[in-house]
Amino acid sequence: MSVSRKAYWAWLQLALGAGSFKPKRLLEYYSDVQQFYEVGHTEWRSLGLFTQKELKMLADTSLEDGQALLNASEQAGLQTITPDCEVFPELLRELENPPSVLYVRGTLPNVDILPALAVVGTRNATTTGKQIAFDLSMRLAQSGMVIISGGAKGIDTAAHQGALLGDGQCICVLGCGIGYRYLMENEPIRNAVAKNGAVVSEFPLNMPPIKRNFPIRNRIISGLSVGVLVVEAAERSGSLITARTALEQNRDVFAVPCGIYNPVSEGVNNLLKAGAKPVTKPQDILEEYEKSYRLLSSNQQLIIKNEKPADLSLYNEHKFAKVNLKHENVSDVSAIQLASLSPDGDVLYRQLTRQPLHISELEQLTGFSTQRILITLTELELCGAIVSHAGRRYSLPNGI
């Protein structure tokens, strides 16, 4: 079987798994993935970058396995995009852990030029919440923004529907393989999205929607966006993980205020208390990007016209207003807030010190799963009890 350059990326993703930060790290040592592949197991081990399990997977996974995965995807009508491709989004390339392969059905909008907004929220949305997500997505799509969501029930579905009715471009990022029969009642929506944008996944063609995939997927939703809008989210919600990853990626966070008796209000209102920008109309979002995009009035609608500078570095260096959930001093965290932590929050808080700990260390100290850690970190961040650092590390305030 002949292999393509893309096969090296597919091999690497199969071996290390989706969401790994190590593919980007190894490119600090090698000119490309092919060179890394060719140096072999002895040099891989000498790097000190990989666990024993990862070294075994690198050795046991063949280049032909990667090529077979690409062939199956392309035979199913999907595009395969790797970091070597010109169309690979720069917004993803700048992440700490960009995907090694993206599987795409449709045509991925150029989110490096067009402003994209992620619209996320609870699956158990109220009628009002779904109407808000629908209306805002429709208006923002009409204004020229690309709308991104995760294809789930509730707020995600309403966001996709609104963007489609607004005749805008849309991206659906899945937590499973594109070929898997996921939530089949939404298949017509995914078909429509693929005609007006793209259905995207980092996972192999027939990968089922395993629970641990969704936090991994969420970094792609926020990573493709200039900002994330949360519409209805309970105290413990995957949407809050997306908001947290958005902050780590230096993206904007917006939230629609909820009534305090709404069962899915807690997460959203906590975001607002922590500094997320409240949104009650499309202009609340559009005005944040006036310096990058010119807003024109036409028939009572706002239209965003891109004025990206010829020099892409100038565009990437544009300074957006960011939400800051960090506290400068531990005294900013009230005893009442700490007393109201969930049991998981209390356990994790007691393990933290002023020295930053990596998320993997927190998993070992608590015995919690990655997803459980991510949710609990969000809770602690929202009350200012922790500080996040580069490299997925966390400490108590005033940590170094």
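Of the numbered criteria (1) over 23 Å from LYS22 (Cβ atoms); (2) surrounded by fewer than 16 Cβ atoms within 10 Å (Cβ to Cβ); (3) at pLDDT below 85, the one GLY391 fails is (1). Quick check: anything in the stretch 138-151 of a type in the set (Ser, Thr, Tyr), open to solvent by less than 10 Å² (accessible area, probe 1.4 Å) and part of a helix (DSSP H, G or I)? Checked the stretch 138-151: no residue is of a type in the set (Ser, Thr, Tyr), open to solvent by less than 10 Å² (accessible area, probe 1.4 Å) and part of a helix (DSSP H, G or I). ARG123 - would you say it is touching a residue at least 24 places away in the same chain (Cβ under 8 Å) and either open to solvent by 10 Å² or more (accessible area, probe 1.4 Å) or among the aromatic types (Phe, Trp, Tyr) (or both)? Against the criterion (touching a residue at least 24 places away in the same chain (Cβ under 8 Å) and either open to solvent by 10 Å² or more (accessible area, probe 1.4 Å) or among the aromatic types (Phe, Trp, Tyr) (or both)), ARG123 qualifies. The residues of the stretch 209-229 that are more than 13 Å from the chain's Cα centre (by Cα) and aliphatic (A, V, I, L, M) amount to a single one, ILE210.
Per-residue answers, yes or no, for (1) closer than 18 Å to GLY121 by Cα; (2) modelled with pLDDT under 95:
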| position | (1), (2) |
| --- | --- |
| ALA152 | yes, yes |
| ILE171 | yes, no |
| ILE178 | no, no |
| LEU183 | yes, yes |
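The set of residues from the stretch 234-273 being under 13 Å from ILE132 (Cβ atoms) and under 19 Å from the mean Cα position of the chain (by Cα) comprises PHE254, ALA255, VAL268. For residues that are polar (S, T, N, Q) and in contact with a strand residue (DSSP E or B) (Cβ under 6 Å, 6 or more places away or on another chain), scanning just the stretch 131-183, find the one that is nearest to ILE241 (Cα to Cα). In this case the residue turns out to be SER149. State all residues of the stretch 126-137 that are part of a helix (DSSP H, G or I) and open to solvent by 10 Å² or more (accessible area, probe 1.4 Å); if no residue qualifies, say none. Scanning the stretch 126-137 gives THR127, THR128, LYS130, GLN131, ILE132, PHE134, ASP135, LEU136. Taken as a whole, the condition of being in a helix (DSSP H, G or I), under 23 Å from GLY168 (Cβ atoms) and in contact with a His (Cβ under 6 Å, 6 or more places away or on another chain) does not apply to ILE220. Between GLY77, GLY48, the distinction of being more than 23 Å from the chain's Cα centre (by Cα), in contact (Cβ under 8 Å) with a residue 12 or more places away in the chain and on the phi > 0 side of the Ramachandran plot belongs to GLY77 only.
Could you list, in sequence order, all residues of the stretch 171-197 that are open to solvent by less than 60 Å² (accessible area, probe 1.4 Å) and in a helix (DSSP H, G or I)?
Residues of the stretch 171-197 open to solvent by less than 60 Å² (accessible area, probe 1.4 Å): 171-179, 182-184, 186, 189-194, 196-197.
If the condition is that a residue be open to solvent by less than 60 Å² (accessible area, probe 1.4 Å) and in a helix (DSSP H, G or I), then MET184, ASN186, ILE189, ARG190, ASN191, ALA192, VAL193, ALA194 are the ones that fit.
Among all residues of the stretch 229-240, there is at least one that is under 22 Å from GLU94 (Cα atoms) and not in a helix (DSSP H, G or I).
The values are calculated or read from the model by the stated rules, or taken from the named source; none is laboratory data. This one's a predicted model, so the numbers in the text were calculated from it and none came from an experiment. So basically every Cβ, Gly included, is an ideal-geometry build from the backbone, and we count neighbours across all protein chains shown. With ligands, DNA and RNA removed, areas are computed over all heavy atoms of the protein, side chains included. Shrake-Rupley method; radii C 1.70, N 1.55, O 1.52, S 1.80 Å.
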